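Here the structure comes first, spelled out in structure tokens, and everything after it is commentary.
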Amino acid sequence: MAAKLSAPAPFEATGWETGWLDPLSFEVTNYKESASFYSNLLGWKETYDEGSQHELMIGEVGDIIVRGGNPNDPNFGKRRPQATAQCAG
């Protein structure tokens, strides 16, 4: 079943097919919570957790890396000092 578009496509079909997404990646504020969310909602399979990011398999399509804050880090949620610009002169 094909969806009907309300506007014409911006270019002609290429005939290309996706073989594998390797890897898709995004950053979140709490990567553990987000990895669990997508695993439970979409059935993505968790592979390994490095302590600052978690890789999940997206079925037979590819893999995704969820990066971000770690709630087990003692500094989680604390503000980092902002860098200030120094002007010479």
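Bear in mind these aren't lab numbers, they're just calculated from the coordinates by the rules spelled out. Source: prediction; values computed, not measured. Here Cβ is always computed from backbone atoms with ideal geometry, including for glycine, and neighbour counts include all displayed protein chains.
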Per DSSP, the loop-located GluC sites (Glu not before Pro) within region 10-84 having at most 12 other beta carbons within 10 Å are 12, 17, 50, 60
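How much net charge surrounds residue 49 when only other residues with a Cβ under 11 Å from its Cβ are counted (Lys, Arg +1; Asp, Glu -1)?
-2
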For region 16-72, what's the radius of gyration and Dmax over Cα atoms, in angstrom? 11.3, 43
How far is helix 31-42 tilted off the main Cα axis of the chain, in degrees rounded to 10, range 0 to 90? 20 degrees
Across region 48-60, in residue order, what do the Karplus-derived ³J(HN,Hα) couplings come to in whole Hz, using 6.51 cos²θ - 1.76 cosθ + 1.60 with θ = phi - 60° and x for Gly and Pro? 9, 10, 8, x, 9, 7, 9, 9, 10, 8, 9, x, 9
Roughly how big is the chain's charge dipole about its Cα centre, with Cβ charges of +1 (Lys, Arg) and -1 (Asp, Glu), in debye to the nearest 20? 540 debye
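So what is the relative contact order for the chain, in percent, with contacts set as C-alpha pairs under 8 Å and at least six apart? Can you show the working numbers first?
Numbers: 110 pairs, mean separation 23.9, N = 89.
This gives 27 percent for the chain.
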Using a 10 angstrom Cβ neighbour count of at most 10 plus a DSSP loop assignment to flag exposed chymotrypsin sites (Phe, Trp or Tyr not before Pro), which longest range of the chain is free of such sites? 21-89
